[in-house]
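The values are calculated or read from the model by the stated rules, or taken from the named source; none is laboratory data. All values derive from a computational prediction rather than experimental measurement. No Cβ is skipped: glycine too gets one built from the backbone with ideal geometry, and neighbour counts run over all protein chains shown.
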Amino acid sequence: MSQDNMTDPEQSTNATATVSAPEVDTDESSIDSTVGRTVIETRDLDVYYGDEQALQEVSLSIPERQVTAMIGPSGCGKSTFLRCLNRMNDLVETARVEGEVLLNGRNLYAEDVDPVALRRRIGMVFQQPNPFPKSIYENVAYGRRVQNKSVDDEIVEQALRRAALWDEVKDQLDQSALELSGGQQQRLCIARAIAVDPEVVLMDEPASALDPVATSKIEDLIEELAEDYTVVIVTHNMQQAARISDRTAVFLTGGELVEVGPTQRVFENPDSDRVEDYITGKFG
Amino acid sequence: MATDTEDTDWLSTDARLRWQRLKGRLFVGVLVLATLVGVLALAALFAYIGRDALGPFGAEPSWFLLYFGTAVTPIAAYTLYVTGRLRWLGDPHPDVRTVNDTAFAVVFGSLVLGLVVYAVATALAPEDVAIYVVCLSVPPLLVRGYARRYGETHFTGPGTPVSVLFGLGAGVVVAVTLGETLALLVDWLLFLVVVTLPAAALLGSLAVRRFSRRWGYLTSAAVLVLGPAGAIGGIVAGFDPALGVVLASGVLAPVGLLVADTVAHRRGGWPGLLGPVVLIGGVLVGATLERSLGITGLNSWLTPTLVFDSWSSTDPTAAGIYPQLVGSIIIVAVMAVMSFPVGVGAAIYLEEYAPETGWGGRLATVLDVNISNLAGVPSVVYGLLGLALFRNAFGLAPGLVITAGATLGLLILPIVIVAAQEALRSVPDELRQGSYGLGASRWQTVRNVVLPEALPGMLTGTILALGRAIGETAPLVMIGVAATRFSPPEGLFSGATALPLQIFASAGNAIPEYRTGVLAAASLVLLVTLLAMNATAILVRNRYENN
Amino acid sequence: MARQSYQDQLDDLREDVLYMSELVIDRYRMGLEALERQDEDLAWRVIEGDDEVNELYLDLEGDCVDLVALQQPVASDLRFIAASFKIITDLERVGDLATNLGDYTLDATKSRFPDVDVQAIGDLAREMLEDAMVAYAEEDVAACRELAERDDELDRLCTEASRAVVRDLIERELDGTEVDVEDLLVDVSRLLLTIRDIERIGDHAVNVAARTLYMVENDDELLY
């Protein structure tokens, strides 16, 4: 992943100049660093839990088929931001969202958008693996069943293969999912998320509850997934973000998006001093 | 490198630690005493009742020896073997334990269930029961069959409960029109419909899952043959052929399937099947020997007469509580049907749908608190409610089955709601989040993820509540249920009768034997029923916890 | 295998370093040839080729920094990256020295020292560098140690050659042969510098071997 330095239009918190037109970064050599079409874009996103503000005017673009990572100290709003993208914050009664979140140009918080329909295009994997107490097969099939989509063995197999789990469970598809190990359960959750063929997969600290070997498998998996899906991942592990993401967004305490750009630039030469201090560990 | 033996005296116990340890032990002692008070009081109660009901001091010592030898010892030895404590006999195959548990569950479960069904169906009019069994099961089965065949879930989902309601209506119509005609049919034919057909279907589908399609059909066919065979056996042996049908297709058939399954899948566990045989066989052998050797048995009031005959207020030895027993069971069934759906529905609303903030939220909180209050309202007050509502407002006659069932249903409703709420709360929130994340609506999440997870807890809570209500006397008195009836209720709108009332009544009888013997025996029957219900609740809970 | 793309990046780095070494060795060989044949065109090509070497050096340097920043290598991976980083520095210097050979070719007026076989010494140094890179590619520690010894031989030859040049110069003076002082100065200084540069290339080859030994066995014996 050799990416050269390049100017990125969305560096400062208050930039509202992000446009939904495809972004092409002008740079000399490396092909990897070309930012493709923007899939999701937020504009001046503010989130309040009651009177407390969790996100401050966050404007961010997420390019398709890349891994975009959000890092930042605890409580800086990165999970809140993630949950805005698929309107999971709707389930929290005290949450209030202002601003726009655009998916392929359409504002997800408009009146006529059905959150349930939305979540069928934007899938989510959570921090703690949460397989249903059903068989492995039924877990993978669940999403398709509730969406009235067809379910057959082939689709289930494909999803499990994509999640690098097929070989380990192909003989025990009828067994309860709760008998799998933590790492396997998390890969099962990923399989069931991609079984419905979403456009975007959101991951909220997917490996933080796992041991290093399982974490490594998940990281490899995420890199593969980015070939087919747009992946947005929240992680408190900076090194993980450095390893697997193409773009990194840094949130700091108070819900402020301080910098966003190609991972290589953010980790080698960040624009903001605050980001530099955070990354080098000089402040939390 | 030797450890430094500097100053390690602080590791040993000193006076301070000793005193603390003593205080701890004293505390534990006091707690044990408190526990013992409760346990001992209960033990005293059981001993007292047992002495009065069973009259153990009237039996010869040889009687005890006899049963000790034929029943107690074999079953004790068998249990020791199964739990692997009889080393010199060798270790039992690991499957023996499971097979044994299943064998006891199947044998005694099917026995109890079969007898209850027989008693209730005979009381209520077998033709009516048969009609409702058909009308309530065929429409939903058709709907589900359609759903599976064509993979349709959009309409067949809500279609299933609608078809049940339709079946109910159809049942009423058919019962009114064809009821009398069907009543002319011989009882055991009707029992074929009530017991044999469902048993054939259930056991057949079980066989399909455990073996194969072909075996499933064979099993169903076998059950269908067993039914009439049981009737013939009954006629030949001189007891009610209907009972023969029930025993053959409701008890023998499941046991047969169990044996076949053990032989096929868990062959090493076959000794587990012997458990019920040892127990029942031992008791039977003991009884036969008792009779043939002429040994005086217990001076027991718990006799077949008591259990199977109807009441007599003058002759204690002829007094029976059969109608009351059946009556109580019917009331429990009515209670369950009325309170479970309503209670579960309310709990689901309060836990999953009710808003948390704003006016809706405040209303929900008020409801929540008041439901908990209702659980503490004295049962007499519920009797008053039943009186006002069903007798006065609806104008029903006093002491009907439906009134009794509804009143007691209201009594346990708050308990069912609270138990169901607890069960719903115990479902981890991550499961709901996971379901929402996959694009499921709230309704889908509740139905597919939350409810299945919470159902065992709900069932357990309901069964325990039913167990409590089976012994409620005051409300039944208030709504005018007759203490003594000489036959079991015939339908929902016939006069109810219940065991606690009879117990209460016999306590006021002039003849002393009623007050000691019959009362104690009847109480024992009630306690056993209660224990059976609680045991079922615990079994349900354990089974789903282990899954 | 886990972390496949990371592994691929490490392999790519190794390939690129080897490619750079091939490039540099090629330039060096061309430099020697240009010197031997007094081929000015070839000399120019060598001089202009240095840009490519420098660019490659910067690219690889960036790659090493990226790997450290983004992949958090440890243990042998980290030693490999650190060693590769130093080796490309040595290679870049060899590239510069090869360019010097081109410069000398352009400066030369005539070659007059048949006793001094610059080509042979130059080939020896070239072989050393080639072998050092092979040792790096194959992680061959025995070859690394052996290389250090060959450097002694090279140094000896270079010293001898330099002495031969100076002796010849003095003898010529004593001969009283008619010479063009300016031409002679240029020739001699050019030749001495060439010999010194060849010796330096040998030292760089030893550096490569030393770094390789450190990378494989964490042994800094050759790193003085």
Quiz item: Which is out of contact with any Cys (no Cβ under 6 Å at 6 or more places or on another chain), farther than 27 Å from B:Y118 by Cβ and among the β-branched types (V, I, T), of B:I348, B:I321, B:I331?
Solution: B:I348
Practice problem: Report the residue count in segment B:3-61 for those that are among the acidic types (D, E) and within 32 Å of the chain's Cα centre (by Cα). | Solution: 1
Quiz item: Out of segment B:339-353, which residues are more than 25 Å from the chain's Cα centre (by Cα) and surrounded by fewer than 16 Cβ atoms within 10 Å (Cβ to Cβ)?
Solution: B:Y349, B:Y353
Quiz item: Does C:D63 meet the test of being within 14 Å of chain A (Cβ to nearest Cβ) and surrounded by 20 or more Cβ atoms within 10 Å (Cβ to Cβ)?
Solution: yes
Quiz item: Within the group A:A15, A:A69, which residue is modelled with pLDDT of 95 or more and either more than 14 Å from chain B (Cβ to nearest Cβ) or surrounded by 15 or more Cβ atoms within 10 Å (Cβ to Cβ) (or both)?
Solution: A:A69
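Residues checked against (1) surrounded by 19 or more Cβ atoms within 10 Å (Cβ to Cβ); (2) closer than 26 Å to B:I503 by Cα; (3) not assigned by TED's automatic domain parsing to the domain that holds B:V518:
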site	(1), (2), (3)
B:I295	no, no, yes
B:Y322	yes, yes, no
B:P355	no, no, no
B:R362	no, no, no
Quiz item: All but one of (1) in a helix (DSSP H, G or I); (2) touching a residue at least 12 places away in the same chain (Cβ under 8 Å); (3) more than 9 Å from chain B (Cβ to nearest Cβ) hold for A:R161; which doesn't?
Solution: (2)
Practice problem: Might you check whether a residue that is within 14 Å of chain C (Cβ to nearest Cβ), buried (at least 19 other Cβ atoms within 10 Å of the Cβ) and modelled with pLDDT of 90 or more occurs anywhere in segment A:174-192? | Solution: yes
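Matching residues to (1) under 19 Å from A:S61 (Cα atoms); (2) touching a Leu at 6+ places or on another chain (Cβ under 8 Å):
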residue	(1), (2)
A:L225	no, no
A:V234	yes, yes
A:S245	yes, no
A:D271	yes, no
Exercise. Working only within segment B:79-92, note down all residues that are at pLDDT 80 or above and surrounded by 15 or more Cβ atoms within 10 Å (Cβ to Cβ).
Key: B:T79, B:Y81, B:V82
Quiz item: Which residue out of A:P129, A:P115, A:P133, A:P206 is under 21 Å from the mean Cα position of the chain (by Cα) and farther than 29 Å from A:N237 by Cα?
Solution: A:P115
Quiz item: What's the number of the condition A:P133 fails, among (1) surrounded by fewer than 22 Cβ atoms within 10 Å (Cβ to Cβ); (2) in a strand (DSSP E or B)?
Solution: (2)
Exercise. Give me the pairs, please: first residue somewhere in segment B:256-267 and assigned by TED's automatic domain parsing to the domain that holds B:V106 and over 18 Å from B:G227 (Cβ atoms), second residue anywhere and surrounded by fewer than 17 Cβ atoms within 10 Å (Cβ to Cβ) and at pLDDT below 90, beta-carbon distance under 8 Å, and either six or more positions apart or on two chains.
Key: B:D261/B:R210; B:T262/B:W270; B:V263/B:W270; B:A264/B:R210; B:H265/B:R210; B:R266/B:T98
Self-check item: Every residue from segment B:352-386 that is within 14 Å of chain A (Cβ to nearest Cβ) and assigned to a helix (DSSP H, G or I)
Solution: B:E352, B:Y353, B:G358, B:W359, B:G360, B:G361, B:R362, B:A364, B:T365
Quiz prompt | From the options A:V201, A:V234, residue that is modelled with pLDDT of 95 or more and touching an Asp or Glu at 6+ places or on another chain (Cβ under 6 Å) | solution = A:V234
Exercise. Residue by residue through segment C:188-224, note down the ones that are touching a residue at least 60 places away in the same chain (Cβ under 8 Å) and aromatic (F, W, Y).
Key: C:Y214
Practice problem: From the list B:L197, B:L178, pick out the single residue that is in a helix (DSSP H, G or I) and either at pLDDT below 85 or in contact with a His (Cβ under 8 Å, 6 or more places away or on another chain) (or both). | Solution: B:L178
Quiz item: Does B:T317 fit the bill of being part of a helix (DSSP H, G or I) and farther than 29 Å from B:L526 by Cβ?
Solution: no
Self-check item: Residues of segment B:504-539 satisfying the condition of being closer than 19 Å to B:L54 by Cβ and β-branched (V, I, T)
Solution: B:T516, B:V518, B:V525, B:V528, B:T529
Exercise. Taking only segment A:81-124 into account, find how many residues are buried (at least 16 other Cβ atoms within 10 Å of the Cβ), in a strand (DSSP E or B) and within 13 Å of chain B (Cβ to nearest Cβ).
Key: 4
Practice problem: Report, by residue number, each residue of segment A:130-154 that is of a type outside the set (D, E) and away from every other protein chain (no Cβ under 14 Å). | Solution: A:I136, A:Y137
